[in-house]
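The values are calculated or read from the model by the stated rules, or taken from the named source; none is laboratory data. Just so it is clear, the structure is predicted and the values come from calculations on it, not from any experiment. Using ideal geometry, Cβ is built from the backbone for each residue, glycine included, and neighbour counts are taken over all protein chains shown. Accessible surface is based on the protein model in full, side chains and every heavy atom, while ligands, DNA and RNA are left aside. Shrake-Rupley method; radii C 1.70, N 1.55, O 1.52, S 1.80 Å.
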Amino acid sequence: MERSTSLIDQLGNVTDPRPGEPVYPLVNILFMMICGVVAGADDFVAIARFANTKKDWFAKFLDMTHGVPSHDRFNAILNAIKPEEFEPILLAWLTELHKITNGQVIAIDGKTLRRSYDHASGKAAIHMVSAWATANHLSLGQTIVDQKSNEITAIPKLLEIIEVSGGLVTIDAMGCQTEIAAKIIDEGADYCLAVKGNQPTLHEGIKAFFLSHLEDDFARVHVVEHHTKESAHGRIDERSYYLCELPEDLPDGSRWKGLQAIGMSINNTQRRKGDEIAVRYYIVSKMLPGEDFAGAVR
């Protein structure tokens, strides 16, 4: 696929489903549609109306010899293109707009779209898995979780259509799977994965390691630490982060491709009604400075 920061260049890679020599170039249709949606158009009539009001502006980039298609033409053509082809092309353009800096955190998370449950048909609410480049404040892509599947199968699909090389991918415990860790490494990125009870052997092994070394303040191993204290909204948050190189005898450690370190975070929240302490554990594919580890798990 041609790589370019020009949206029009990228749209030229979409296969035109129409036979012969169509009146309206496909790139015109797609470019007008995207611009219209960005401007707030929410149906084909609104897209056509928007395009007609911006014909002079579109003429700076497109061949407007035949003008703007009708809303029915927009409808027919856009329904004929293949979404599975169009989506990666659009994401390729978004990827070219930014450069993932070394170690930039890419947060992958699943969310259910509000008000997406269809009461009339009984269809379940739409659940999406999305990737967010934190430093660039840019959504890299998203995919719908199939009703008969879950995030575990959706995450690898998302990793196939976005560019993560050079980044640090973070996922909550649902995504802590050996296949997902391997996929991230294969894509040229690193991972910081939360570990909970869905990986019981690994979880208990990391927990036992840190409990043992907290007793003598990590006198027997090298540890990278970072500590913060914040006050807001009537509470005080004290957070401590610890990252150690992978122990050779860590139970279940050998199954995780690229695994280089294990981490722990302790969050002590002080409120008037009492203190709350939350302890979380992580596996990481490379040693990080303490502040970087803290930023990834936050």
Going by a ≥ b ≥ c, the root eigenvalues of the Cα gyration tensor, does segment 182-286 fall in the rounded group (a/c under 1.5), the prolate group (a/b larger than b/c) or the oblate group?
-> prolate
Percent of Cα-Cα pairs per 5 Å bin, from 0 to the last occupied bin, for the chain, please list those.
-> 1, 5, 10, 12, 13, 13, 11, 10, 8, 6, 5, 4, 2, 1, 0, 0
Surface accessible to a 1.4 Å probe, per residue, for the residues of the chain, Å² | 55 Å²
Pairs over 30 Å Cα to Cα, from Lys60/Lys111; Lys111/Lys257; Lys54/Lys157; Lys60/Lys157; Lys55/Lys111, come to Lys60/Lys111; Lys54/Lys157; Lys60/Lys157; Lys55/Lys111
Using a 1.4 angstrom probe on heavy atoms only, work out the carbon and sulfur share of the accessible area of the chain in %.
-> 50 percent
When the convex hull of its Cα atoms is projected in every direction, mean area for segment 127-242 (nm²) | 10.2 nm²
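Need one number for segment 7-98: average projected area of the convex hull over its C-alpha atoms, nm².
The number I arrive at for segment 7-98 is 5.9 nm².
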Neighbour net charge for Thr201 - beta-carbon separation under 12 angstrom, K R +1, D E -1 | 0
